[in-house]
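The values are calculated or read from the model by the stated rules, or taken from the named source; none is laboratory data. These figures come from a predicted structure and were not determined experimentally. Here the Cβ positions follow ideal geometry from the backbone for every residue, glycine too, while neighbour counts run over all protein chains shown. Please note that ligands, DNA and RNA were not included when accessible areas were found on the heavy atoms of the full protein model with its side chains. Shrake-Rupley method; radii C 1.70, N 1.55, O 1.52, S 1.80 Å.
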Amino acid sequence: MTVKAVKMGCMAPNVYSKVPDGGWGWTVAFAFFFVEALTYGIIKSFGVFFNDLMESFDETNSRISWIISICVFVQTFTAPLSTVLSNRFGHRLVVMAGGVLISTGMVIASFARSVVDMYITIGVISGLGYCLSFLPTVTILSQYFDKRRSLVTAVASTGECFAVFSFAPAITALKEQIGWRYSLLSVGVLQLSIVVCGSLLRPIIIQEQEEVKAHPPEEPTETKYMLENEQTRTSIESIDSGVEITTSPSNVPGKTKAEPKSEEPKEHVQTLVENNSTPPEPKTKLLDFSVMRDYSFICYAFFGLFATLGFFAPSLYIIPLSLSLGIGKDHSAYILSAMAIAEVFGRISAGWVLNKKPIRKIYIELICVVLLSVALFAFPFASEFWGLMTCSIFFGFMLGTVAGTHIPLLAEDDVVGIEKMSSAAGVYVFIQSLAGLAGPPLAGVIVDTTQNYSSAFYSCAAGMVLGAVFLSLVRPCKVGLCHCSQQGAEESTVGAAPYLPDDFIDMDIGKGENSGKGENSGKGSDSVI
C-alpha cells in the first residue's frame with residue numbers, strides 16, 4: 001500500500017495511510033535541527049560565561065553552577081506539562097510559546113544584578129521554554145519516521161553540536177568586543193527564531209484505509225452463497241427448530257445486507273464502505289502514566305536519571321579545567337569546539353548503526369554508555385592541551401552516540417513502543433530532572449572542596465556507570481514480562497477451549513430434521529386412525 005497524504009491546507013494536519021518515512025517529515029527534521037541548536041546548543045555553550053559571572057557577581061563555582069542546574073531541572077521537571085499541553089493544544093503552538101519564553105528569559109538575564117536574578121530568568125523562565133520547545137519537537141519527528149527514525153533523529157540532533165562548535169568561539173570573540181551582557185542579549189534575540197521553527201511542525205494523523213476489505217469480490221461471494229442455498233434448499237421456512245439458519249449473505253456476520261438479484265444493492269454497499277472508511281478518532285489521553293507499570297521502562301528511566309549526571313557537567317567545566325591547566329582562552333574554546341565536532345560524528349555513526357536491521361538497539365546503546373564512562377574517567381589524567389583535546393574528542397564522540405538516541409529509543413518495542421512514546425517521553429524526562437538539578441552543583445561542590453576542576457568528572461563517571469547497570473536490565477525485564485503474558489494467554493486459551501460449542505448449526509439442523517420426521521409420523525398415525 002502506497003503512502004497517501006491528504007492535504008487540507010498549510011495549517012491543517014497531514015493525514016497519511018501509514019508512517020511516511022519522509023514527506024513533510026523532512027521539514028520537521030530541519031526544524032528540529034535548529035531547535036536543538038538553540039536549546040541544548042546554548043545550554044552547553046553557557047560555560048563561556050562562567051568566569052565572567054563569577055567575577056561580576058563575586059560568587060563561587062557551585063553557586064554559578066546552579067543557574068544551569070535550575071534551568072535543566074525546570075526543563076526536565078515540567079516535561080509532563082509539555083506532554084499535556086502538546087496533546088491538548090498541538091505541538092506547533094506549544095513550541096512557539098516555548099521559543100517566546102526562552103528569548104524572554106535570556107534577554108532579561110542580560111540585565112541581571114545578582115546571581116539570584118539569573119536563577120529566575122535563565123533557570124525558571126528559559127528552563128520552562130526549553131521544555132516546551134524541545135520535547136514536542138522530538139516527539140512529532142518520531143511520528144513522521146519509522147524505518148529511518150534512528151538515522152534521521154541522530155542527524156537532526158547534530159544541530160546541538162554545530163551550535164557548540166560555532167557559538168563557543170563566536171560568543172568568546174563577541175564578549176571581548178561588547179561584553180558578556182550584550183553578548184547574552186544577542187543570544188536571547190537569536191533564540192526567538194524558535195518561534196519560526198515551531199510554526200513548521202504540522203501535526204500528523206495515521207489513518208489506515210479500509211480499502212483492503214475489497215468489496216468488488218462480493219459478487220462472486222454472493223453467487224457462491226446463492227448456489228449453496230439452491231443446492232441444499234436451506235432457508236428460514238424449511239427449518240422448524242426455531243433458529244434462523246441460512247447461508248445467505250444477509251445473515252453472514254460483517255456483511256452488508258443486500259438482495260442478490262438487483263443491481264441497486266451493489267451501489268448501496270459501495271456507498272456504505274465509502275462513508276464508513278474514516279473511523280472516528282480514539283480519544284487521546286493527555287498523559288498516560290500506565291508506562292510506570294512497565295518494568296523495562298522503569299529500568300530505562302533510572303538509566304536516564306543517572307546518565308544525566310554526565311551529560312552537562314563536562315561541557316560546563318571543560319573550559320575552566322583547561323584554564324586551570326594554563327591553556328589560553330582561545331585554545332580552551334577550540335577544545336569545546338572539537339568536542340562538539342566529535343559529537344556530530346558520534347550522533348551520525350550511532351544513527352547509521354541503529355538503522356541497520358536486524359539489530360538489538362538497546363545493546364548498542366549499552367556499549368556506548370560503557371565507553372562513555374571510560375571517557376569520563378580519563379579526564380582527570382589529562383595534564384596538557386593535547387591530552388585534554390584527546391579526552392574531549394573521545395568523550396564528544398561517545399556522548400553523541402548516547403545523547404542523540406536515548407530519547408528516540410523510547411519508541412522501540414524493547415522499551416515502550418511508538419504508541420506510548422509521547423507520554424513515556426514526558427515521564428522519562430521528568431525523572432531525569434532530579435539528576436539535572438543535582439549534577440552541576442555536585443560537581444561544583446567537589447571542585448570547591450578539592451580546588452581541582454578535574455575532580456568534577458568523577459561524579460559524572462560514577463553516575464554514568466550506574467546508568468549502564470540499569471540499562472543492562474531493560475531487555476531482560478521486557479523479555480520476562482512478555483514470557484508471562486504469553487503463558488497467561490496460552491492458559492486462558494486452553495481453559496476456554498472445552499466451553500466452545502462445536503457444530504451447533506449441524507446440531508440444530510439435525511433437531512429440525514428429527515422434529516420434521518416426528519411430525520410426519522404423527523400425521524401418518526392420525527391418518528391411520
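Among residues other than Val469 whose Cβ falls under 15 Å from its Cβ, what is the net charge (Lys/Arg +1, Asp/Glu -1)? Let's see the in-between values first.
On the way: positive: Arg475; negative: Glu365.
Local charge sum for Val469: 0.
Could you sort 146-158, 383-395 so that the peptide with the highest average Cβ count within 10 Å comes first and the rest follow in order? List each step's numbers first, then the result.
Numbers: 146-158: 21.9, 383-395: 18.2.
Packing order, densest peptide first, comes out as 146-158, 383-395.
With every protein chain present, what is the per residue accessible area of segment 75-125 (1.4 Å probe, Å²)? List each step's numbers first, then the result.
Working: 2040 Å² over 51 residues.
Solvent-accessible surface per residue comes out at 40 Å².
Subtracting the Cα-Cα distance from 0.36 nm times the residue separation, let me have the gained length for Phe345 to Thr390 in nm, one decimal.
Numbers: separation 45, 0.36 × 45 = 16.20 nm, distance 1.50 nm.
Value of the extension gain: 14.7 nm.
Toward the positive end of the charge dipole of segment 17-77, about the Cα centre and with charges on Cβ (Lys, Arg +1; Asp, Glu -1), which of Phe33, Gly47, Ser69 goes farthest?
The one lying farthest along the dipole's positive direction is Phe33.
What percentage of the solvent-accessible surface of segment 132-195, computed with a 1.4 Å probe over protein heavy atoms, is contributed by carbon and sulfur atoms?
Details: 1520 of 2280 Å².
Summing carbon and sulfur atoms, their accessible area is 67 percent of the total for segment 132-195.
What distance in nm separates the two pseudo spin-label positions at Phe89 and Ala173, each 7 Å out from Cα along the beta-carbon direction?
For Phe89 paired with Ala173, the spin-label model returns 3.9 nm.
Give me the extension gain from Trp352 to Trp26: residue separation times 0.36 nm, minus the current Cα-Cα distance, reported in nm with one decimal. Working shown, then result.
Values: separation 326, 0.36 × 326 = 117.36 nm, distance 1.71 nm.
Taking 0.36 nm per residue and subtracting the Cα distance, the gain is 115.7 nm.
Just grab the label-to-label distance for Lys18 and Gln451, each label 7 Å out from Cα along the Cβ direction, in nm (one decimal).
6.7 nm
Shape call for segment 297-360 from the C-alpha gyration tensor, a ≥ b ≥ c root eigenvalues: rounded (a/c under 1.5), prolate (a/b greater than b/c) or oblate?
Working: a/c = 5.55, a/b = 1.69, b/c = 3.29.
Verdict is oblate for segment 297-360.
What does the charge count around Thr60 come to, taking other residues whose C-beta lies under 15 Å from its C-beta (Lys +1, Arg +1, Asp -1, Glu -1)?
Numbers: positive: Arg63; negative: Asp52, Glu55, Asp58, Glu59, Asp448.
For residues surrounding Thr60, the net value is -4.
What distance in nm separates the simple spin-label points at Val469 and Ile206, each placed 7 Å from Cα in the Cβ direction?
3.7 nm
Measuring from centroid to centroid over Cα atoms, what is the spacing of segment 344-416 and segment 30-65 in Å?
Value for the Cα centre distance between the two parts: 22 Å.
What ranking, highest mean first, results for peptides 470-480, 331-341 when packing means the other Cβ atoms within 10 Å averaged over each residue? Write down the numbers at each step before the final one.
Working: 470-480: 17.9, 331-341: 21.6.
Ranked by mean Cβ neighbours within 10 Å, highest first: 331-341, 470-480.
If R₀ is 45 angstrom, what is the calculated FRET efficiency for the pair Arg360 and Leu434, using the beta carbon separation as r and rounding to 0.05? Don't skip to the answer; put the middle values down first.
Values: r = 29 Å, r/R0 = 0.64.
E between Arg360 and Leu434, to the nearest 0.05, is 0.95.
Could you go through segment 374-381 in sequence order and give the Karplus-derived ³J(HN,Hα) for each residue, using 6.51 cos²θ - 1.76 cosθ + 1.60 with θ = phi - 60°, rounded to whole Hz, and x for Gly and Pro?
Whole-Hz 3J(HN,Hα) from phi for segment 374-381: 4, 4, 5, 5, 7, 4, x, 8.
Working out 0.36 nm times the residue gap between Thr60 and Ile120, then minus their Cα-Cα distance, what length gain in nm do you get to one decimal?
Details: separation 60, 0.36 × 60 = 21.60 nm, distance 1.81 nm.
Between Thr60 and Ile120, full extension yields an extra 19.8 nm.
Pairs to check: Lys147/Lys329; Lys18/Lys44; Lys18/Lys478; Lys147/Lys478; Lys329/Lys361; Lys44/Lys478. Give those whose C-alpha atoms are more than 32 Å from each other in this structure.
On the way: Lys147/Lys329 44 Å; Lys18/Lys44 37 Å; Lys18/Lys478 27 Å; Lys147/Lys478 22 Å; Lys329/Lys361 40 Å; Lys44/Lys478 34 Å.
Long pairs (Cα-Cα over 32 Å): Lys147/Lys329; Lys18/Lys44; Lys329/Lys361; Lys44/Lys478.
Could you rank the peptides 139-145, 441-447 by their average count of other C-beta atoms within 10 Å per residue, with the highest value first?
139-145, 441-447
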